[in-house]
1. Give the number of residues within the range 78-107 that are among the aliphatic types (A, V, I, L, M), within 21 Å of Lys57 (Cβ to Cβ) and surrounded by 15 or more Cβ atoms within 10 Å (Cβ to Cβ).
2. Any idea which of Phe186, Phe169, Phe191 is more than 16 Å from Leu149 (Cα to Cα), in a strand (DSSP E or B) and either open to solvent by less than 90 Å² (accessible area, probe 1.4 Å) or in contact with a Ser or Thr (Cβ under 6 Å, 6 or more places away or on another chain) (or both)?
3. Which pairs have Cβ atoms under 6 Å, sit 6 or more apart or on different chains, and link a residue in the range 95-119 that is in contact (Cβ under 8 Å) with a residue 24 or more places away in the chain to one that is open to solvent by less than 50 Å² (accessible area, probe 1.4 Å) and part of a helix (DSSP H, G or I)?
4. From (1) open to solvent by 60 Å² or more (accessible area, probe 1.4 Å); (2) farther than 23 Å from Lys28 by Cβ, pick out the condition that doesn't hold for Lys72.
5. With the condition kept exactly as written, say whether any residue in the range 161-173 is within 16 Å of the chain's Cα centre (by Cα) and over 22 Å from Arg103 (Cα atoms).
6. Just need a number here: residues in the range 84-106 that are under 16 Å from Val7 (Cβ atoms), among the polar types (S, T, N, Q) and part of a loop (DSSP other than H, G, I, E, B).
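The values are calculated or read from the model by the stated rules, or taken from the named source; none is laboratory data. Values in this document were obtained by computation on a predicted structure and should not be read as measured data. Cβ placement follows ideal geometry from the backbone for every residue including glycine, while neighbour counts extend to all protein chains displayed. When the accessible area is computed, the model is the full protein with side chains, heavy atoms only, and any ligands, DNA or RNA have been set aside. Shrake-Rupley method; radii C 1.70, N 1.55, O 1.52, S 1.80 Å.
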Amino acid sequence: MLRSAIVLVGGKGSRFSNIKSPPKHLAKIGGETIISRIINLLAKNNIEEIIFPLGYKKKFYYKFFKSKKNQKKYNFTTQKKKIPNKINIKLFDAGLKSTKLIRIFKSIKYLENEDFLVTYGDGLADINILKLNQIYIKNNKQKALISTLKKRSQYGHIVIDKNKNVKKFVEKPLLFDPINIGYFIFNKKIFRYFFNKKYELEKEFLYNLIKKKLLKSFEHKGYFYSIDDKKDLLIAEKKLI
């Protein structure tokens with residue numbers, strides 16, 4: 001079973017707040033931080049250890065995770081010794097200029113298991129990670145998994161014939177190609193084999209997996225909100241509470 005996860009945090013988050021302000025991952029929706037919502041989701045899906053590779057604004061994360069109140073409320077521990085029935089949180093400084101791919105690579109040595117989930121720290125979804133893992137197991141753990149979502153366009157689309165006549169108007173149609181919502185499953189062997197410190201996660205790294213036919217998709221059919229700025233936060237808050 002999938003027991004380990006890496007949550008990507010530590011970026012500047014300049015679209016959300018200035019460098020001296022708390023990171024967006026600690027912003028609240030309905031009284032719960034984005035990061036605590038992600039922890040709760042992972043816990044419900046049997047994740048037992050979560051690695052947070054830190055960078056910018058790390059003091060805010062340390063304060064949140066070292067809080068006895070938060071540890072009790074969200075049932076996690078930051079102690080090195082594993083405590084039964086508690087989520088084991090591991091924090092480390094991955095560097096200010098580390099890319100997402102490098103953050104994952106640096107996190108691997110802290111993982112107890114060979115297979116692991118990776119997710120962005122600013123995406124909220126009700127994704128069924130257990131089902132995601134089932135697909136991974138069906139492929140004998142020899143292929144990486146990526147989660148996708150079919151999304152509606154934010155625009156009205158016009159269908160035009162070859163003579164430039166408008167044939168019809170479609171209000172916010174369902175787009176044919178799904179989007180990446182940032183829940184991946186990798187194993188250490190495949191990840192290390194394709195890792196290159198000059199690569200980007202969503203570019204060269206995933207592209208090389210695709211070329212070798214080593215990337216499978218899982219279609220998520222629930223909600224997904226990516227929190228990039230405060231407008232996104234307000235939209236998510238309206239929908240989730």
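1. Here the count works out to 6.
2. Phe186
3. The qualifying pairs are Lys100/Leu201; Leu101/Leu201; Leu101/Phe205; Ile108/Lys188; Glu114/Lys188; Val118/Ile104.
4. Unmet condition: (2).
5. no
6. Residues flagged as under 16 Å from Val7 (Cβ atoms), among the polar types (S, T, N, Q) and part of a loop (DSSP other than H, G, I, E, B) within the range 84-106 amount to 2.
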